[in-house]
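To keep things clear, I will list the structure first and then write my remarks on it.
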Amino acid sequence: MSHYNYFYTYVIPFLLFTILLIKWLRKPFSANRKRLPPSPPSLPILGNLHQLGEDPPVALKSLAKTYGPLMMIRLGRLPVLIASSADAAREIMKTHDTIFSNRPIFPSDEKILVGSKGFSMAPYGEYWRQMRSICALHLLSNKTVQSFKPLREEETALFIEKINKSSLLTLPVDLTQTLATLTNDFVCRVAFGRKYGDDGEQNFKEVLDECMLLLGGWDIGNFIPWLAWISHLNGLNSRYNRVAKWLDNFLDKVIDEHIDDRRRLGGSSGSEVNNKDLVDVLLEIQKNDTISGFSLERESMKGSILDIFIGGSDTTTTVLEWSMTELLRHPKVMKQVQDEVRQIGIGKSSIKEEDLDKMHYLKAVIKETLRLYPPVPLLVPRLSSHDVKIMGYDIPAGTTVLTNAWAIGRDPATWDEPDEFRPERFLNSPIDFKGNDFRAIPFGAGRRSCPGLSFAMAMSEIVLANLVYKFDWSLPGGVTGQDLDMTQSSGLIGRRKVHLKAVATSPTVY
Ligand code: HEM
């Protein structure tokens with residue numbers, strides 16, 4: 001008998017028999033077993049880590065095609081629930097929101113944010129509630145966001161001036177870089193009352209970039225604890241320590257400067273604008289102990305300042321860089337948005353915030369960008385605090401949850417031609433981004449949803465309106481929009497991997 005026949009006659013039936021026997025033997029015990037969501041096959045030790053590839057949201061979307069909108073994967077030894085449809089997200093962030101309002105803390109986050117007690121990663125409870133309401137009320141409420149209008153317009157004007165200089169020299173503008181500087185400068189002014197560019201040996205922006213990179217990295221020690229020593233060997237741990245130490249010293253210095261200013265000015269804020277900056281507000285709360293029974297420690301102040309930077313800087317930059325990318329790829333859309341903005345702004349030297357209300361197409365462009373490129377593609381992880389049943393599956397307490405907002409925004413069951421950039425779909429559409437409609441959830445939803453939505457939208461709208469109002473745009477070196485590299489970086493924030501560079505020219509008439 002050939003090897004071939006032997007294999008089919010004996011080996012295959014033997015294996016099948018063994019599998020059936022094992023299944024049959026396990027049956028009596030399985031009645032009590034939990035019904036977990038489907039899982040793709042995993043490797044020992046690694047689990048499904050190897051399947052995440054360069055672009056985890058894309059890889060997870062493709063796994064969800066086979067295993068469904070609620071699947072359980074294993075990252076090393078960590079079971080992770082992946083929600084990939086609007087219905088699954090609604091179950092987590094609306095129906096069972098309280099159960100999923102915790103956040104998992106990874107060892108690497110603790111190393112980077114060492115000592116800082118922010119609220120974005122705080123357990124769901126009284127401390128989180130108090131800290132979030134301080135920031136929401138004094139920095140991120142609609143009223144406060146409105147009060148930052150002069151700052152936004154001033155920073156936008158400086159940014160446009162910078163582009164104007166490059167435009168006169170017909171040099172390409174590194175939009176990725178200039179937009180990042182703009183949002184960082186703006187957040188610095190509202191948080192610290194002034195900009196921090198080059199500061200001493202290292203630049204605050206540079207350290208923040210490194211911090212974002214580290215927070216979004218997939219550190220193997222988070223998932224396979226006994227391999228944590230690799231972070232010592234590859235230098236990751238020293239990078240964590242460096243960033244943590246630098247940020248800690250820097251924030252101490254900023255707070256001390258504010259305390260000195262207040263002393264000098266007899267207790268009032270030394271901020272450059274009418275608004276108090278975030279540090280002033282926090283110092284006042286600390287001094288007055290205005291919230292009964294809640295004393296604000298310095299570590300909490302530092303933590304919430306960092307939250308605002310981590311939450312607010314790169315995310316807003318990402319919306320703007322992808323909006324410009326898609327406009328450069330779609331000249332007809334660019335023309336339509338320019339026609340709208342230029343008609344409304346006719347005769348003005350720049351677009352002001354009061355003009356934005358009428359710019360429906362511009363707002364649709366931003367919404368379409370957020371649908372296709374949610375800046376936090378897998379949202380910020382959640383953690384279940386109790387056992388719960390979802391879509392017929394048992395989800396144990398302590399399960400980490402990732403919601404694939406990137407996949408939800410491109411779900412063909414919800415969206416017509418989901419991969420196409422078509423802002424029209426948002427004209428006269430009831431879909432909002434505030435977490436009520438789960439077809440697009442770039443800001444998350446429920447109790448832990450993003451408190452910075454109005455802050456981010458106000459900034460994105462005024463900047464994009466002026467970019468398309470003041471300049472015509474093309475790609476350098478005869479590159480066409482279709483040649484643009486569209487790769488998204490794999491970290492926490494879905495930035496463009498390759499910087500977007502474009503040439504700005506002044507339009508002849510507008
Ligand atoms: C386009 C811009 C932005 C996007 C897409 C975005 C997205 C998100 C997402 C997805 C979450 C997690 C939500 C959840 O778990 O359901 C979040 C949380 C958060 N965001 Fe934003 N964000 C943006 C801008 C901002 C800004 C401008 C700030 C502050 C200035 C900010 C501060 C925060 C904070 C502090 C949290 C943590 C909230 C908590 O845990 O209670 N974000 N953001």
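The values are calculated or read from the model by the stated rules, or taken from the named source; none is laboratory data. Predicted model, so just to flag it, every value in this text is computed and none were measured. For neighbour counting, all protein chains shown are included, and Cβ atoms are generated from backbone atoms with ideal geometry for every residue, glycine included.
Among the residues of segment 94-118, how many are within 9 Å of the ligand (Cβ to nearest atom), touching a Phe, Trp or Tyr at 6+ places or on another chain (Cβ under 7 Å) and over 30 Å from M391 (Cβ atoms)? Matching residues across segment 94-118 total 0. Exactly one residue out of A397, A413 is free of Cβ contacts under 8 Å to residues at least 24 places away in the same chain, away from the ligand (no atom under 11 Å from the Cβ), hydrophobic (A, V, I, L, M, F, W, C) and within 22 Å of I92 (Cα to Cα): that is A397. Hey, any hits in segment 118-134 for a residue that's outside any helix (DSSP H, G or I), surrounded by 14 or more Cβ atoms within 10 Å (Cβ to Cβ), in contact (Cβ under 8 Å) with a residue 24 or more places away in the chain and touching a strand residue (DSSP E or B) at 6+ places or on another chain (Cβ under 7 Å)? Checked segment 118-134: at least one residue is outside any helix (DSSP H, G or I), surrounded by 14 or more Cβ atoms within 10 Å (Cβ to Cβ), in contact (Cβ under 8 Å) with a residue 24 or more places away in the chain and touching a strand residue (DSSP E or B) at 6+ places or on another chain (Cβ under 7 Å).
Rundown of residues vs (1) closer than 30 Å to L137 by Cβ; (2) at pLDDT 95 or above, yes/no style:
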{"residue": "M391", "(1), (2)": "no, yes"}
{"residue": "P396", "(1), (2)": "no, yes"}
{"residue": "T403", "(1), (2)": "yes, yes"}
{"residue": "E420", "(1), (2)": "no, yes"}
{"residue": "R425", "(1), (2)": "no, yes"}
{"residue": "D432", "(1), (2)": "yes, no"}
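Against the test of being more than 9 Å from the ligand (Cβ to nearest atom) and touching a residue at least 24 places away in the same chain (Cβ under 8 Å), the options G481, G444, G477, G452 yield a single qualifying residue, G481.
Here the condition is being away from the ligand (no atom under 11 Å from the Cβ) and within 20 Å of R439 (Cβ to Cβ); of E354, E368, it holds for E368 alone. Checking L179, L151, L175 one by one, the residue that is at pLDDT below 95 and of a type in the set (A, V, I, L, M) is L151 and no other.
So that you can scan it fast, the table gives a plain yes or no per residue for (1) in a helix (DSSP H, G or I); (2) at pLDDT 95 or above; (3) more than 30 Å from K389 (Cα to Cα):
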| site | (1), (2), (3) |
| --- | --- |
| L20 | yes, no, no |
| P40 | no, yes, no |
| E54 | no, no, yes |
| S62 | yes, yes, no |
| M72 | no, yes, no |
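The set of residues in segment 388-428 being assigned to a loop (DSSP other than H, G, I, E, B) and touching a helix residue (DSSP H, G or I) at 6+ places or on another chain (Cβ under 8 Å) consists of M391, N404, R410, D411, T414, W415, D416, P418, D419, F421, R422, L427. Annotation note: Cβ proximity below 9 Å between a residue of segment 368-381 that is farther than 10 Å from P442 by Cβ and a residue that is of a type in the set (V, I, T) and near the ligand (Cβ under 8 Å from one of its atoms) (sequence gap 6+ or interchain) occurs for L378/T403; P381/T403.
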